[in-house]
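The structure appears below as structure tokens.
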Amino acid sequence: MASLEIRNVCKSYGSVDVLKSINIAINHGDFLVLVGPSGCGKSTLLSMIAGLDEITSGELVIDGEVVNDKHPSQRDIAMVFQSYALYPNMSVEKNIAFGLEMRGVPKAERDKKVESVSQMLQIGPLLKRKPAQLSGGQRQRVAMGRALVREPKIFLFDEPLSNLDAKLRVDMRTEIKKLHQRLGATIVYVTHDQIEAMTLATRIAIMKAGILQQLGTPQEVYDTPNNVFVASFMGSPSMNLIPATVVAHQNSVAARLTSPQGNELILPLPQPERYQTWIDKPVILGIRPEAITDMSSAEPNNPWVFPADCQVDVTEPTGADVYVLTTLGGKEIVARMRSNCGAVVGQKTPFAFNMAKAVLFDPQTENRI
Amino acid sequence: MTNQEVKASSSRFWRVLIYTTLIVFAAFYLLPLFVMLITSFKDLEELRQGNMLSLPQNWTIAAWIKAWGSACIGLTCEGINGYFWNSIKMVVPSVLISTLLGAINGYVLTKWRFKGDRWVFALMLFGCFIPFQIVLIPMSQILGNLGLAGTTTGLVLVHVTYGIGFATLFFRNYYAAFPTELVKAAMIDGASFLGIFWRILLPSSGPIIVVTVIWQFTNIWNDFLFGASFAAGESAPMTVALNNLVSSSTGVKEYNVDMAAAMIAALPTLLVYIVAGRYFVRGLMAGSVKG
Ligand SMILES: Nc1ncnc2c1ncn2[C@@H]1O[C@H](COP(=O)(O)OP(=O)(O)OP(=O)(O)O)[C@@H](O)[C@H]1O
Ligand SMILES: [Mg+2]
């Protein structure tokens, strides 16, 4: 059963439409991550789920019940804010227990719950301190404790890790993931970090300018992006987007690319029936850097791997791999090769294109074909 | 001299100049206080000799005792103590009520914004700057209609009304810098409108409460016009009584008693500054830097 349903939700501030007909449904236990560039309306959507912002039109359904007109405290949700929003005048213990106290939970029971949550988050020794006496990571834990102790139907997180340093962010990310697996809770999580989105989510919703671009599992979103925006937003380094032309080739269909030297590169496309109507038309070929490798790292039994000699422009070693840059169709493209692949700048080297992973986009609408 | 020495000596010069100026001004302002103090400790005999600036030959607190308990104000000769309590009875409720209302207004104007809230705030600010004289007649009419003419309660009402404007201004600016996310978090936690105010905002408002209390206390305690206009006779506040004491003494002018009474009248505000002055500056800064 759907735990949270967002039906045709719109939001406008005066004449500005911030959210345009958003439709999302997630099941109990799902970890939904909302990603998108700054200002695309992620926080606004989260606020509307929490009930802190009014919905202009559409319906918000939690466990089968429309909650549009319910006060935030009656929606059975808990929220972790980017700034943590810990009450500065209360000790950690009081902070965590405040929601229970407001709901009239007796003191003895409150203490027991605070105790078990503080054990789970390892903040026992901090209970008597004020928020000002905590480090960023500790504050983050307390903020999570405050949400956990209420055992709500849905957890809402608004960029909870963005105030932490890089190392701590990775640690806390793992911890949130463990927590989700242990509690089986339903979570809606806002971030603009696509790595955070990929690692945490069971479902990703990518937004841009108030419009939902794609909703799917991390793998779906990564492998079959709906449009050019999603393709370039998810993944780092981002997907290569190469201007190409669809051509008929040996009873099938292929993409034709041109190198700077004027050579033509013909790369056969899987699922030729899909592209029949596109023959002799321009398209954008999307292929991720890890789908372009050196010959020896290519999958040997994959019939869709095609070699092509290309001029190496730049090499960027990362330690484990080396990113090899070349130019195709007038665009700089990135290939991910083994660090000992022997690519030399200025010389030609064989690139192996795994066309099974390639996708095509309409250059006009930028949607996937 | 090296460059550095030149710099050092010139900065030294400015320092001396600044401090000298400050000391001169401080002395200038402190001189009347000094004269008041030493006069209040002299006896009448010594006053007659006319050495205003000389220290008392026989220190005595007789003038203070007389001012407090037996000086004549109008027809009664019971000192100013009754009026002192009048002032206390006026100032304490006025300060508490106007501060509390100001705090609630500031809370609503920043965290529960509504259509037209800017106008409400602008009108309140406008209220701060209406000259007292303009409202005297309508105010006395209203107090008369309410049956509060000539009472301390009436005076409290007047001061609360006037005080709300400034109190609201202070709290609004302070709460504007208070993170709204805390209010949202408390809403999700299930705290009510007043619950959020009492449990979250008010406990973090120490500095601005001090500022408002000091501001209101000194203004209301020192007010003369409203006191003289709306609370004559028995319920007059300290300032009015002091004026009557000074102007109504018959026969020999007892300057020492007048000065002692004036000192007594000034003590509470002085005390408030000494106790809370540190927080006053801190509170003003907190409001202005972040607001
Ligand atoms: N009260 C408001 N009045 C008018 N416009 C607003 C208001 N609040 C937000 N907006 C606009 O709504 C859009 C979405 O804002 P939102 O805070 O949801 O973005 P976001 O996706 O969370 O961005 P970020 O990643 O920077 O947090 C922004 O363009 C913002 O300017
Ligand atoms: Mg945001």
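The values are calculated or read from the model by the stated rules, or taken from the named source; none is laboratory data. In this text the structure is predicted, and so the values were computed from the model without any measurement. Don't worry about glycine lacking a Cβ; one is built from the backbone with ideal geometry, like all the others, and counts go over all protein chains shown. Heavy atoms of the whole protein, side chains included, go into the accessibility calculation; ligands, DNA and RNA do not. Shrake-Rupley method; radii C 1.70, N 1.55, O 1.52, S 1.80 Å.
A few notes on this one:
- In the assembled protein chains, B:CYS72 presents an accessible area of approximately 60 Å² (probe radius 1.4 Å).
- Solvent exposure, largest accessible area first (probe 1.4 Å, DNA, RNA and ligands not counted), of A:ARG129, B:ARG118: B:ARG118, A:ARG129
- Global form of chain B, assessed from the alpha-carbon gyration tensor, a/c cut-off 1.5: oblate
- On the beta carbon distance between B:ALA149 and B:PHE25, with R0 = 51 Å, the FRET formula returns roughly 0.70.
- GNM top mover of B:SER235, B:SER192, B:SER248 - chain B, alpha-carbon springs below 10 Å: B:SER192
- For B:LEU136 and B:VAL6, a Förster radius of 56 Å and the Cβ-Cβ distance give a FRET efficiency of 0.35, rounded to the nearest 0.05.
- Within the straight-line cut-off of under 23 Å between alpha carbons, the lysines reachable from A:LYS331 are A:LYS281, A:LYS348, A:LYS357, sequence neighbours fewer than 8 places apart in one chain being disregarded.
- Most to least packed among B:196-208, A:78-90 [average Cβ atoms within 10 Å]: A:78-90, B:196-208
- Shielding by partners - mean other protein chain Cβ count within 10 Å, residues of A:73-81: 3
- Size of charge dipole - chain A - debye, nearest 20, with Cβ of Lys, Arg +1 and Asp, Glu -1, no other charges: 1160
- Prolate/oblate/rounded call for the stretch A:4-233, Cα gyration tensor, a/c under 1.5 rounded: prolate
- In this structure the stretch B:68-286 gives 47 Å² per residue of accessible area when probed at 1.4 Å with all protein chains present.
- Ranked from largest to smallest solvent-accessible area, with a 1.4 Å probe on the protein heavy atoms, A:HIS249, A:HIS71, A:HIS28, B:HIS159 come out as A:HIS28, A:HIS71, A:HIS249, B:HIS159.
- Of all aspartates and glutamates in the structure, those lying under 15 Å Cα to Cα from A:LYS128, and not within fewer than 8 positions of it along the same chain, are A:GLU93, A:ASP111, A:GLU115.
- Accessible-area rank, largest first, for B:PHE41, A:PHE361: B:PHE41, A:PHE361, with all protein chains present and a 1.4 angstrom probe.
- Across A:ALA209, A:ALA231, A:ALA308, mean-square fluctuation computed from a Gaussian network of chain A (C-alpha pairs under 10 Å connected) peaks at A:ALA308.
- Share antiparallel - DSSP beta bridges, the stretch A:4-233, percent rounded to 5: 55
- Helical content of chain A, expressed as a calculated mean residue ellipticity at 222 nm, amounts to -7000 deg cm²/dmol (DSSP H runs of 4 or more residues, -39,500 (n - 2.57) each, divided by residue number, nearest 500).
- B:TYR279 sits with roughly 90 Å² accessible to a 1.4 Å probe, with DNA, RNA and ligands left out of the calculation.
- Each residue of the stretch A:216-227 was assigned a 3J(HN,Hα) from its phi angle through the Karplus expression (A = 6.51, B = -1.76, C = 1.60, θ = phi - 60°), giving x, 6, x, 5, 4, 5, 6, 7, 10, x, 5, 8 Hz with x at Gly and Pro.
- Cα-based shape type of the stretch A:240-361, given that a ≥ b ≥ c are square roots of the gyration tensor eigenvalues and the cut on a/c is 1.5: prolate
- Area accessible to solvent at A:GLU5, 1.4 Å probe radius, in Å²: 50
- Residues along the stretch B:187-204 losing 10 Å² or more of accessible surface when the other protein chains are present rather than the chain by itself (probe 1.4 Å): B:MET187, B:ILE188, B:ASP189, B:GLY190, B:ALA191, B:ARG199, B:ILE200, B:PRO203, B:SER204
- Association of chains A and B removes close to 1700 square angstrom of accessible area from solvent, both sides included, for a probe radius of 1.4 Å.
- DSSP beta bridges confined to the protein assembly as shown are antiparallel in about 80 percent of cases.
- Building the convex hull from the alpha-carbon atoms of the protein assembly as shown and averaging its projection over directions returns 49.2 nm².
- Per residue of A:49-55, other chain Cβ atoms within 10 Å of the residue Cβ number 2 on average.
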